[in-house]
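Peer 1: Take this structure, written in structure tokens, and hold onto it; I'll ask about it next.
The values are calculated or read from the model by the stated rules, or taken from the named source; none is laboratory data. Keep in mind that this is a model prediction, so the values were computed, not measured. FYI the Cβ positions are ideal-geometry reconstructions off the backbone, even for glycines, and counts take in every protein chain you see. For the accessible areas, the whole protein counts, side chains as well, though only heavy atoms, and no ligand, DNA or RNA atoms are used. Shrake-Rupley method; radii C 1.70, N 1.55, O 1.52, S 1.80 Å.
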Amino acid sequence: MFHGFGLRTLTAIGIVAIAALAVFLLGHDIQPTLVTLIGGIAAVLAAAGTSEAEIAESGVPAAEDLPAPALDDVLEVIVEPILIVAGGRVVQANAPARALLGRHIVGEDVRMAIRHPAAAERLVGPIAPGVTEPIDLVGLGTLDQRWQMRVGAGSDGQRIVQLIDQTNNYAAERMRVDFVANASHELRTPLASILGYIETLNEEAGDDPAIRARFLKIMDDEARRMQRLVEDLISLSRIEAEKYRLPDRAVDLTDLIEEVRGEITKGEVLVEIADGVPPVAGDRVQLSQMLHNLIGNGIKYGSKDAPVTVRLLQEQAGMIRLSVADRGEGIAPEHLPRLTERFYRVDPGRSRAAGGTGLGLAIVKHIVERHRGRLDITSLVGTGTTVSILLPAHGASGRA
Ligand code: ADP
């Protein structure tokens with residue numbers, strides 16, 4: 001009669017029967033007992049009927065009716081390395097663990113599989129229930145990889161060892177620390193210079209008008225250097241904060257290039273714009289800053305005798321190519337991959353003398369990324385440099 005009922009339904013019917021028996025024993029009266037029994041069973045069947053019917057309808061079987069998944073299957077779908085250790089030996093290792101530590105580790109002493117002084121004690125020593133405090137490991141896999149190891153106590157003294165890849169977090173943290181150190185250093189140098197000149201002016205040198213004027217000029221230059229740096233730092237953090245907000249305004253680069261050319265006071269800029277180039281999907285202020293930085297670099301590092309050339313054309317479907325080329329000394333190939341790093345300069349003295357902050361190309365890179373564009377820098381020593389940017393046209397497929 002009960003065939004097809006779940007375990008919970010049968011348990012509930014049993015409880016109803018016990019309740020009916022209790023009513024009978026207490027009252028010795030068959031009528032309330034029958035009412036309790038029939039009413040109770042009807043309620044249980046109605047409830048069970050609904051839920052089981054619902055489950056059948058939704059096609060989701062109850063968890064208790066499913067066979068437990070095989071441990072091997074579970075381990076193999078986990079992307080992080082996992083080892084199961086029993087009696088100090090690795091009894092199971094999923095594919096990422098075998099890839100990291102070698103196929104031979106299964107059956108091996110776990111201290112040989114994970115050779116790390118800090119790890120040994122956790123792997124074979126006494127262990128508290130639950131998961132231990134994670135520890136950081138260096139030297140597993142490649143030299144630059146950083147791992148975090150967590151060990152959990154399983155049944156029968158088994159241990160479940162999980163390795164979590166922290167390489168990217170570690171690299172991001174390093175970058176952040178380096179960036180703060182570099183920015184502080186860049187600000188401290190002009191600040192120290194300004195303070196030094198103030199002190200000298202306060203003393204004897206302040207009385208001589210010629211010296212005073214010279215010192216004030218230096219202080220003004222240094223303060224402006226600090227101002228440029230602070231402005232670039234603010235720009236960088238603003239652009240980064242907007243990283244995931246896709247710019248969607250139609251920006252006519254033909255107009256913008258002319259506008260920026262008008263704002264640039266030094267150097268000669270030649271503009272070559274193809275006919276009918278459609279607007280790009282962009283943020284006008286940021287694209288203007290990008291043009292200022294690129295044309296500014298072309299003028300700073302280019303030849304005094306040749307103009308900086310800005311070209312604009314429509315490339316493949318839906319993409320616009322903007323390029324800024326100079327005829328300067330060019331950049332040696334080993335520097336090219338690092339030019340967009342913050343504060344990376346090929347020649348720091350030359351950059352500072354020209355008023356550079358070392359952040360111009362980092363800002364350009366972030367602006368291009370925000371616009372889902374592409375940035376390429378090609379350079380030939382002795383010939384010149386071309387920075388080329390591909391930007392999606394406004395209204396191109398898949399975009400606003
Ligand atoms: P900076 O403020 O120093 O110019 P950038 O981030 O704009 O900083 O550029 C980083 C470095 O790349 C510069 O210091 C310079 O060494 C090099 N560089 C950038 N543009 C050019 C260029 N057009 N020609 C030669 N070198 C360049």
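Peer 1: Gly276 is checked against (1) among the small types (Gly, Ala, Ser); (2) under 26 Å from Leu312 (Cα atoms); (3) surrounded by 12 or more Cβ atoms within 10 Å (Cβ to Cβ) and fails just one. What number does that condition carry?
Peer 2: It is condition (3) that Gly276 fails.
Peer 1: Which of (1) under 17 Å from Leu233 (Cα atoms); (2) of a type in the set (Val, Ile, Thr); (3) in contact (Cβ under 8 Å) with a residue 60 or more places away in the chain does Thr340 not meet, given it meets every other one?
Peer 2: Every listed condition holds for Thr340 apart from (3).
Peer 1: Quick one: is Ala241 farther than 19 Å from His371 by Cβ and not basic (Lys, Arg)?
Peer 2: No, not satisfied.
Peer 1: Condition first: assigned to a helix (DSSP H, G or I) and at pLDDT below 85. Can you find one or more residues in the stretch 157-177 that meet it?
Peer 2: Yes, there is a match, as at least one residue in the stretch 157-177 is assigned to a helix (DSSP H, G or I) and at pLDDT below 85.
Peer 1: Here is a check on your reading of the model: is Ser388 open to solvent by less than 20 Å² (accessible area, probe 1.4 Å), away from the ligand (no atom under 11 Å from the Cβ) and over 16 Å from Gln286 (Cα atoms)?
Peer 2: Taking the combined requirement at face value, the residue satisfies it.
Peer 1: If you don't mind, another one. Please name all residue pairs, on different chains or six or more residues apart, with Cβ atoms under 9 Å, provided the first residue is in the stretch 177-196 and is open to solvent by less than 60 Å² (accessible area, probe 1.4 Å) and the second residue is among the polar types (S, T, N, Q) and not in a helix (DSSP H, G or I).
Peer 2: Correct list of pairs: Glu186/Thr357.
Peer 1: Another question about this same structure. Which ones in the stretch 290-307 are within 12 Å of the ligand (Cβ to nearest atom) and surrounded by 17 or more Cβ atoms within 10 Å (Cβ to Cβ)?
Peer 2: Residues satisfying the conditions are Met290, Asn293, Leu294, Ile295, Gly296, Asn297, Gly298, Ile299, Lys300, Tyr301, Gly302.
Peer 1: Report, by residue number, each residue of the stretch 302-324 that is out of contact with any helix residue (DSSP H, G or I) (no Cβ under 7 Å at 6 or more places or on another chain) and not polar (S, T, N, Q).
Peer 2: Gly302, Lys304, Asp305, Ala306, Pro307, Arg311, Leu313, Glu315, Ala317, Gly318, Met319, Arg321
Peer 1: If His366 satisfies all but one of (1) modelled with pLDDT of 95 or more; (2) within 8 Å of the ligand (Cβ to nearest atom); (3) open to solvent by 20 Å² or more (accessible area, probe 1.4 Å); (4) under 22 Å from Arg228 (Cβ atoms), what's the number of the condition it fails?
Peer 2: Here His366 clears every test but (2).
Peer 1: Look through Pro190, Pro247 and report the one residue that is within 35 Å of the chain's Cα centre (by Cα) and outside any helix (DSSP H, G or I).
Peer 2: Unique residue meeting the criteria: Pro247.
Peer 1: Of all residues in the stretch 308-349, which are more than 8 Å from the ligand (Cβ to nearest atom) and in a helix (DSSP H, G or I)?
Peer 2: Pro333, Glu334, Leu336, Pro337, Arg338, Gly349
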